[in-house]
Amino acid sequence: MPHRRILLSALLFAAMTGCATAPAPVSVPATIAARPDLSMLNKLITQAGLTETLQGPGPFTVFAPSDEAFKALPAKTMEDLAKHPDKLKDVLTYHVLPVRLMAADARNSNVKTVNGANAALSKAGDFVTVEDAMATGADIIATNGVVHVVDKVLLPPARR
């Protein structure tokens, strides 16, 4: 009988400390880098030289296209972005807001992105969209913002 109490105590202790050691939030780039479904975005952020910016104090909201979203882009578009770092940076900063916006706080409105263009934000029930991309994973907390995984890559409007 005493062995059962010791075993039960050990199991309870392990369960309680397991909950207490949940990973603490990290910066937006580290949050993105930790997610296997955002590996392409992580690579492109590094390639565009945006890692240091997104490690800054923020706050930032990143609508993070999944790897599947990047795969859906035409190969020609990806090649063009690879050849033109300014275009890549423009596309990536179109996915970033200079505020922390949780899904529950989203409203139907236009929001100013870091690249200076407006993007249409919509909410219907629990569903949040930015332009024509739907958030498939919302409210991933980072120390300097929040990440929402989206199902499409947003292409900013052409500058005049």
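Run the reach check for LYS43 against lysines, Cα to Cα strictly under 29 Å, same-chain hits fewer than 8 apart removed. What comes back?
Filter leaves LYS71, LYS76, LYS83, LYS87, LYS89, LYS112, LYS152.
For GLY145, list long-range residues whose amide hydrogen, built 1.01 Å from N in the peptide plane, is under 5 Å from its own amide hydrogen.
PHE60
Search the structure for amide H atoms under 5 Å from the amide H of MET134, placed 1.01 Å from N in the peptide plane, and list their residues when 5 or more places away or on another chain.
Amide H to amide H, under 5 Å and 5 or more residues apart or across chains, MET134 pairs with ASP151, LYS152.
Highest first, please rank the peptides 36-49, 85-98 by the mean number of other Cβ atoms sitting within 10 Å of their residues. The partial results should precede the final answer.
Values: 36-49: 17.2, 85-98: 19.4.
Packing proxy ranking, top to bottom: 85-98, 36-49.
If you place +1 on the Cβ of every Lys and Arg, -1 on the Cβ of every Asp and Glu, and leave all else neutral, what size is the dipole of the range 77-160 about its Cα centre, to the nearest 20 Debye?
Dipole about the Cα centre, nearest 20: 320 debye.
All other residues with a Cβ under 12 Å from the Cβ of SER66 taken together, and with Lys, Arg as +1 and Asp, Glu as -1, what is their net charge?
On the way: positive: ARG35, LYS71, LYS152; negative: ASP37, ASP67, GLU68, ASP151.
Net of charged neighbours comes to -1.
Since every read-out is calculated from the coordinates, none of them should be taken as a lab result. Model, not experiment: these values are computed from the prediction. As a convention, Cβ positions derive from the backbone with ideal geometry for all residues, glycine included, and neighbour counts pool all protein chains shown.
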